[in-house]
Amino acid sequence: MESQIIEIDIAEWQVSEPNQAWIAALEAGKVLYFPYLPFQLLPQENALLKPSIRDPKVRNISLDLKGHLKGAAADTATQLSLAIMIGRFRDQAQSLIHSLLPDYKPYLRLAPTSYRPTKVETRAQSWRADDRRLHVDAFPSRPNYGERILRVFCNINPNGVPRVWRVGEPFETVAAKFLPRAKPYVPWQASVMKALHITKSLRSEYDHLMLQLHDGMKSDMAYQESAEQVTMPFAAGSVWICFSDQASHAVMSGQYMLEQTLHLPADKQYDPQSSPLAILSRLTGRKLV
Ligand code: SIN
Ligand code: FE
């Protein structure tokens with residue numbers, strides 16, 4: 001399999017000019033890996049690197065767009081410190097994306113920023129929620145009609161522990177394997193889910209198929225083992241970027257990561273034909289949204 005990971009040796013959170021080969025690789029579903037791009041912690045921020053800082057009722061600590069911090073179990077001063085650290089990462093992640101992908105800039109929709117202090121190996125989860133299984137990201141309650149999920153990840157582990165991912169085969173290969181097994185889309189079921197507020201809006205056929213790929217991959221243990229894949233340790237002090245609705249990925253171990261999601265309309269890509277929406281429409285021969 002062609003390498004799914006492209007290494008980029010920059011040490012600043014912005015590039016001087018966009019690189020067409022990196023853009024094409026990202027839009028082909030590859031992971032852009034910046035091994036020498038650390039996020040600088042302020043001295044007092046080291047105290048924020050402990051798992052007990054997360055409220056056990058939530059999965060991650062997050063900073064929303066209004067600057068409100070959610071999910072921390074900490075006093076007011078510590079909450080402020082967390083908000084400053086996560087906010088600084090948000091600014092740097094955006095500057096990196098804007099310089100790498102300037103054409104996206106007017107169309108990006110920023111999502112909350114997350115801080116994940118929990119050790120991956122010890123998380124107990126149902127198979128569907130278990131991100132240690134290869135998957136593409138798809139959300140059951142929030143249909144997105146093909147809007148892209150671009151993510152910036154940053155390993156801030158203070159003890160040199162890598163965040164180990166598995167990166168699987170290209171999206172089209174995954175889709176060709178799991179589309180024939182996908183349950184058909186049933187419009188009235190989508191209407192019922194919307195009426196019952198199981199989904200926030202009507203689940204489109206695109207959203208249905210993306211969930212079918214996500215569940216099909218995660219529930220197939222033989223696929224998990226036999227699919228073409230590479231194990232990739234993302235070093236402490238590194239950053240990586242991918243379209244997580246397209247790159248097949250799984251997280252196996254690690255602790256302390258910052259993450260920024262940005263959404264992009266699929267038709268605002270450099271090459272809209274490389275999007276999951278375009279690929280699934282082509283493979284099914286149907287308009288899916
Ligand atoms: C995921 O998006 O599947 C999880 C990534 C991670 O926690 O490293
Ligand atoms: Fe994921």
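A short reminder: the numbers here are calculations on the coordinates, not readings from a lab. These figures come from a predicted structure and were not determined experimentally. Please note: Cβ atoms are built from the backbone with ideal geometry, for glycine as well, and neighbour counts cover all protein chains shown.
When SER81 is tested against (1) of a type in the set (S, T, N, Q); (2) more than 16 Å from ligand 1 (Cβ to nearest atom); (3) surrounded by fewer than 17 Cβ atoms within 10 Å (Cβ to Cβ), just one condition goes unmet, and that condition is (3). Each residue in segment 130-155 was checked for being hydrophobic (A, V, I, L, M, F, W, C) and within 10 Å of ligand 1 (Cβ to nearest atom), and 4 of them qualify. Checking each residue in segment 148-164 for being in a loop (DSSP other than H, G, I, E, B) and either surrounded by fewer than 21 Cβ atoms within 10 Å (Cβ to Cβ) or within 16 Å of ligand 2 (Cβ to nearest atom) (or both) picks out ASN157, PRO158, ASN159, GLY160, VAL161, PRO162. For segment 230-289, the set of residues classified as among the charged types (D, E, K, R) and more than 16 Å from ligand 2 (Cβ to nearest atom) consists of ASP267, LYS268, ASP271, ARG282, ARG286, LYS287, listed by residue number. For segment 1-55, filtering for residues that are exposed (fewer than 13 other Cβ atoms within 10 Å of the Cβ) and within 23 Å of GLN79 (Cα to Cα) leaves 8. Being over 22 Å from SER274 (Cβ atoms) and either in a loop (DSSP other than H, G, I, E, B) or in contact with a Gly (Cβ under 8 Å, 6 or more places away or on another chain) (or both): is that true of GLN79 here? Here the answer is no, as GLN79 does not meet what is asked. A single entry from LYS183, LYS218, LYS200 fulfils the requirement of being part of a helix (DSSP H, G or I) and either within 16 Å of ligand 2 (Cβ to nearest atom) or in contact (Cβ under 8 Å) with a residue 12 or more places away in the chain (or both): LYS218.
Select, from LEU202, LEU213, the only residue that is surrounded by 14 or more Cβ atoms within 10 Å (Cβ to Cβ) and touching a Ser or Thr at 6+ places or on another chain (Cβ under 8 Å). Being surrounded by 14 or more Cβ atoms within 10 Å (Cβ to Cβ) and touching a Ser or Thr at 6+ places or on another chain (Cβ under 8 Å) holds for just one of LEU202, LEU213, which is LEU202. Taking strands (runs of 3 or more DSSP E) as the structural unit, those lying wholly within segment 221-275 and holding at least 3 residues that are away from ligand 1 (no atom under 11 Å from the Cβ) and of a type outside the set (Gly, Ala, Ser) correspond to 230-234, 238-243, 257-264.
Small (Gly, Ala, Ser), surrounded by fewer than 19 Cβ atoms within 10 Å (Cβ to Cβ), assigned to a loop (DSSP other than H, G, I, E, B) and more than 16 Å from ligand 2 (Cβ to nearest atom), is that true of GLY67? So GLY67 fits the description; yes. Within the set of pairs 6 or more residues apart or between chains, which connect a residue that is in contact (Cβ under 8 Å) with a residue 12 or more places away in the chain and within 13 Å of ligand 2 (Cβ to nearest atom) inside segment 108-135 to a residue that is among the aromatic types (Phe, Trp, Tyr) and in a loop (DSSP other than H, G, I, E, B) with Cβ atoms less than 9 Å apart? Close Cβ pairs satisfying both conditions: ARG116/TYR256; ARG133/TRP127. Note on segment 2-24: residues that are assigned to a loop (DSSP other than H, G, I, E, B) and more than 15 Å from TYR270 (Cβ to Cβ) amount to 12. When VAL58 is tested against (1) of a type in the set (A, V, I, L, M, F, W, C); (2) crowded, with 16+ Cβ neighbours inside 10 Å; (3) without any contact (Cβ under 8 Å) to a residue 24 or more places away in the chain; (4) not in a helix (DSSP H, G or I), exactly one condition is not met: (2).
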